[in-house]
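Novice: The following block contains the structure, expressed as structure tokens.
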Amino acid sequence: MTNGSGGDDRPQYGERVPGYVAPQESHGTDLPAPIPIDSAQHATRQASRRPSPVFLALVVGAAVSGWALWSGVGPAPVMSFFFVVFIWVISLSLHEFAHAYLAYRNGDLSVVHRGYLTLNPLRYTHVVFSLVLPLVFLIAGGIGLPGGAVFIDRNAIRSRFANSAVSAAGPLTNLAIALILAVVLAFREGSSPFWVTLSFLLFLQVTATVLNLLPVPGLDGFGIIQPYLPERVLAAVAPIAPFAILGLFALLWIPVVNALFFSAIIGIVSFLQVPAVFIWSGFDLFRFWV
């Protein structure tokens, strides 16, 4: 998800940008002597665009738990649990990175200073609302809750279309991950714990994609259409925006709405040639404590 930002940590007019060297006045044919860029500032700028150690640790954790699940090393339910959690947090990071990277490419340099280009999940706003709650929803009901968010300086984005593209980048990332999983699952053999766990992960990615594309304030679907909405509509929506997502998930706990929503998700996953029985088997394996 993305949020507009007008915070105090935005680069201000006249603020010195790290690594920038101002041109010196030249006299006659003499060229100005080069001014070295401060090495500490340069290193900081480079580090703000590299994958963080936290993200790399998640990748290692996913690789180890996935290998154990594939090889039958250790209890399959426990390995499935860790594999799903690692991959899910990685996908959250990629989702938010996609928002930030496209915003950066379209004029919002503040995402660099906020560390959004490092893929560090702890950078994507509040730890509880961005990581803990999505994991709770995942564990409790198998819902791919889009919990992360990046704060984008919408005024810095060059056009309305670019603003919409920034919002769309996140769910399109989830869709891309889902399609990659579908391709991998096309080569499945049997119904081992590894394959049913991948099927459950595919289900989560499709759920996250559909939820994020709903035109609900606070979700990316609303962010896609927001630049084209009249000001009077935005003013009317503003008071309910903080509660809209809570209302959406309250609706999902209503049995009829829940059944309709998950039937649609299962239909999409079945279209990708993954049997529903694989998804439920993966969900049962993931919840090893039940």
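The values are calculated or read from the model by the stated rules, or taken from the named source; none is laboratory data. Nothing here was measured: the structure is a model prediction, and the numbers come from that model. Glycine also receives a Cβ, built like all others from the backbone with ideal geometry; neighbour counts cover every protein chain displayed. Side chains are part of the model used for accessible areas, which takes the heavy atoms of the whole protein and leaves out ligands, DNA and RNA. Shrake-Rupley method; radii C 1.70, N 1.55, O 1.52, S 1.80 Å.
Novice: Can you give me the long-range amide H partners of Arg114? Hydrogens built in the peptide plane at 1.01 Å from N, cutoff under 5 Å, separation of 5 or more residues or another chain.
Specialist: Amide H neighbours of Arg114: none.
Novice: Still on this structure, please answer the following. Largest first, please: the extent of the C-alpha atoms of region 146-192 along each principal axis, to the nearest Å.
Specialist: 52, 21, 9
Novice: Given region 139-278 reduced to its alpha-carbon atoms as identical point scatterers, what log10 I(q)/I(0) does the Debye formula return at q = 0.09, 0.11, 0.12, 0.17 Å⁻¹?
Specialist: Debye intensities relative to I(0), on a log10 scale: -0.33, -0.49, -0.57, -0.99.
Novice: So, counting K/R as plus one and D/E as minus one, what does the shell of residues with Cβ under 13 Å around Ala149 add up to?
Specialist: After counting each charged neighbour, the total is 0.
Novice: Taking the Cα-to-Cβ direction at Ile268 and at Ala176 and moving 7 Å from each Cα, how far apart do the two end points lie in nm?
Specialist: Those two pseudo-labels are separated by 1.7 nm.
Novice: Which residues' amide hydrogens lie under 5 Å from the amide hydrogen of Val216, considering only partners 5 or more residues apart or on another chain, with H built in the peptide plane?
Specialist: Amide H neighbours of Val216: Gly221, Phe222.
Novice: For Thr173, what is the net charge nearby, where nearby means another residue's Cβ is under 12 Å from its Cβ and Lys, Arg count +1, Asp, Glu -1?
Specialist: Local net charge: -2.
Novice: What accessible area, in Å² to the nearest ten, does a 1.4 Å probe give for Arg105?
Specialist: The value for Arg105 is about 140 Å².
Novice: Would you please name the chymotrypsin sites (Phe, Trp or Tyr not before Pro) within region 208-290 that are DSSP coil residues with at most 15 other C-beta atoms within 10 Å of their C-beta?
Specialist: Those that pass, being in a loop and sparsely packed, are Trp253, Phe288, Trp289.
Novice: Something else: Could you compute the net charge surrounding Val84? Neighbours are other residues with a C-beta less than 14 Å from the C-beta of Val84; K and R count +1, D and E count -1.
Specialist: In short, 0.
Novice: Something else: Could you order Ile157, Ile225, Ile180 so the one with the most accessible surface comes first? Probe is 1.4 Å.
Specialist: Highest to lowest solvent-accessible surface, that is Ile180, Ile225, Ile157.
Novice: How large is ³J(HN,Hα) for each residue in region 203-220, as worked out from phi by the Karplus curve 6.51 cos²θ - 1.76 cosθ + 1.60 (θ = phi - 60°), to whole Hz, x for Gly and Pro?
Specialist: 4, 5, 5, 5, 4, 4, 5, 5, 4, 5, 8, 5, x, 10, x, x, 9, 5
Novice: What is the set of long-range amide H partners of Asn3 at a cut-off below 5 Å, with H atoms built 1.01 Å from backbone N?
Specialist: Val150, Phe151, Ile152
Novice: Output needed: percent of Cα pairs per 5 Å distance bin for region 58-97, bins running from 0 to the one holding the longest distance.
Specialist: 6, 29, 30, 18, 10, 5, 2
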